[in-house]
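The values are calculated or read from the model by the stated rules, or taken from the named source; none is laboratory data. Everything quoted here is computed from the prediction, not taken from an experiment. Backbone-built Cβ (ideal geometry, glycine too); neighbour counts: all protein chains shown.
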Ligand code: SF4
Ligand code: SF4
Ligand code: SF4
């Protein structure tokens with residue numbers, strides 16, 4: 001028997017979400033409510049834009065609600081209600097402190113988060129369970145965080161915990177830092193990774209030699225097809241003109257030179273420094289399966305280590321690179 | 001090597017080194033910029049792509065910025081850039097930073113010497129260099 005606390009009653013959260021959305025739409029507090037609805041494939045969801053109270057039944061909740069819906073907020077004019085997980089809420093905090101979104105225009109419906117599924121990991125697990133080239137035809141998740149999958153002649157169960165998105169295993173804020181409503185119960189959030197451990201893998205990677213590190217990044221970035229889906233998925237990539245699209249000067253060439261792709265990845269990491277919260281949306285969007293977290297998390301770690309700055313934690317914060325302290329690190333300067 | 005020097009301090013420091021006839025390695029091409037805060041990390045990456053052996057960015061000492069805080073803001077950016085490049089596996093020393101005032105002709109010459117020496121020990125760059133520049 002599982003203890004009550006370990007249960008993650010996803011359907012209860014969905015019911016809460018629908019109730020809250022209905023209230024907000026009926027009173028006219030929001031013009032549109034952004035949440036998740038069932039996708040066309042099992043265990044996939046897609047963003048839902050609900051404008052009528054009668055449509056709130058479309059809204060769902062579960063470990064497949066992976067998109068960071070904060071990405072839509074800078075683009076909306078009217079009053080918006082939005083469902084945000086812990087990491088998503090931190091990206092919204094950054095959008096607010098960067099004056100891209102007005103706090104009073106958004107009704108935040110926070111969800112204490114149990115983590116989201118990494119589709120690639122799950123696919124690998126199911127392929128192994130099915131064997132012989134068979135594929136799963138149906139899949140669903142149970143209330144207590146187990147995925148059930150069926151295909152021709154096989155059945156498989158996979159605990160969500162074993163196929164979590166890597167961002168979730170190092171998550172420091174599964175409960176949103178800011179919200180107007182909370183759907184579900186804080187006790188249903190996944191366990192918090194202590195801040196001192198959140199970057200252990202980044203530090204371990206730094207422990208390898210420079211040659212090995214460079215080779216690793218070369219191999220990863222070699223697969224980049226410059227589709228910029230990672231940029232599109234990121235709520236913090238709202239610039240009307242991205243540096244990769246600039247013509248004069250052209251920062252990132254179009255000749256599929258590895259060097260150009262590296263500049264894109266380095267530039268992206270720098271532009272997310274002090275802003276990225278490791279929501280993982282970029283990594284999940286990448287069709288090439290590139291490990292996009294390593295560079296951005298190095299910047300996250302540096303922001304904390306060099307400047308004591310935790311991204312997206314505080315609505316009163318001044319953005320990391322828009323301010324300074326006299327005693328900032330200086331020892332690298334001749 | 002490419003050296004981005006701020007107009008108000010380091011460029012004047014380089015000028016002083018020249019007018020004082022202080023000898024320093026002739027390996028730098030100087031780019032005058034209004035402030036070290038103007039130096040977008042992308043400019044530095046571009047230099048490395050085009051095959052520069054090294055890049056030096058130099059500005060006013062903390063507290064001396066003509067625009068009050070340009071160098072303080074630059075310092076945060078460069079701390080992140082320096083660590084990111086190191087993490088990425090670009091040799092430490094390819095990109096360096098210094099504070100040189102308008103009165104420090106000697107220091108400018110010394111910085112260029114030190115940077116030139118360390119870049120020389122690293123040899124020709126390959127990482128991040130565009131294929132047709134190799
Ligand atoms: S990183 Fe945290 S808040 Fe974000 S999806 Fe994972 S567990 Fe949820
Ligand atoms: S860079 Fe990636 S992980 Fe970071 S906030 Fe943007 S989408 Fe999320
Ligand atoms: S989503 Fe992946 S393949 Fe596309 S540009 Fe980003 S890193 Fe490259």
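Here are the numbers:
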| read-out | value |
| --- | --- |
| So residue A:271, is it out of contact with any helix residue (DSSP H, G or I) (no Cβ under 7 Å at 6 or more places or on another chain) and surrounded by 16 or more Cβ atoms within 10 Å (Cβ to Cβ) | yes |
| Candidates A:287, A:235, filtered to the one that is at pLDDT 95 or above, surrounded by fewer than 15 Cβ atoms within 10 Å (Cβ to Cβ), over 30 Å from residue B:122 (Cα atoms) and touching a helix residue (DSSP H, G or I) at 6+ places or on another chain (Cβ under 7 Å) | A:287 |
| Among the candidates A:26, A:77, residue that is modelled with pLDDT under 95, over 25 Å from residue A:272 (Cβ atoms) and more than 22 Å from the chain's Cα centre (by Cα) | A:77 |
| Selection from region B:1-50 of residues that are over 20 Å from residue B:116 (Cα atoms) and part of a strand (DSSP E or B) | B:33 |
| Subset of region A:226-252 (residues that are within 14 Å of ligand 3 (Cβ to nearest atom) and over 22 Å from residue A:276 (Cα atoms)) | none |
| Every residue from region A:234-243 that is within 14 Å of ligand 2 (Cβ to nearest atom) and either within 20 Å of residue B:49 (Cα to Cα) or free of Cβ contacts under 8 Å to residues at least 60 places away in the same chain (or both) | A:237, A:239, A:242 |
| Those residues of region A:290-302 which are buried (at least 23 other Cβ atoms within 10 Å of the Cβ) and facing chain B (nearest Cβ under 9 Å), in sequence order | A:295, A:298, A:299, A:302 |
| Test result for residue B:73, outside any loop (DSSP other than H, G, I, E, B) and closer than 21 Å to residue B:133 by Cα | no |
| Helices (runs of 4 or more DSSP H) wholly inside region A:146-223 that include at least 2 residues being more than 16 Å from ligand 2 (Cβ to nearest atom) | A:200-206, A:210-222 |
| Subset of region B:83-94 [more than 7 Å from chain A (Cβ to nearest Cβ) and without any contact (Cβ under 8 Å) to a residue 24 or more places away in the chain] | B:85, B:86, B:92 |
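Results for (1) within 16 Å of ligand 1 (Cβ to nearest atom); (2) within 9 Å of chain B (Cβ to nearest Cβ); (3) within 16 Å of the chain's Cα centre (by Cα); (4) farther than 22 Å from residue B:44 by Cα, shown as yes or no for each residue.
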| residue | (1), (2), (3), (4) |
| --- | --- |
| A:217 | no, yes, no, no |
| A:230 | no, no, yes, yes |
| A:245 | no, no, no, no |
| A:256 | no, no, no, no |
| A:272 | yes, no, yes, no |
| A:278 | yes, no, yes, yes |
| A:282 | yes, no, yes, yes |
| A:311 | yes, no, yes, yes |
| A:328 | no, yes, no, no |
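Residue by residue, here is whether (1) more than 9 Å from chain A (Cβ to nearest Cβ); (2) touching a helix residue (DSSP H, G or I) at 6+ places or on another chain (Cβ under 6 Å) holds:
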position: B:56; (1), (2): no, yes
position: B:62; (1), (2): no, no
position: B:66; (1), (2): yes, no
position: B:81; (1), (2): no, yes
position: B:96; (1), (2): no, yes
position: B:100; (1), (2): no, yes
position: B:114; (1), (2): no, no
position: B:125; (1), (2): yes, no
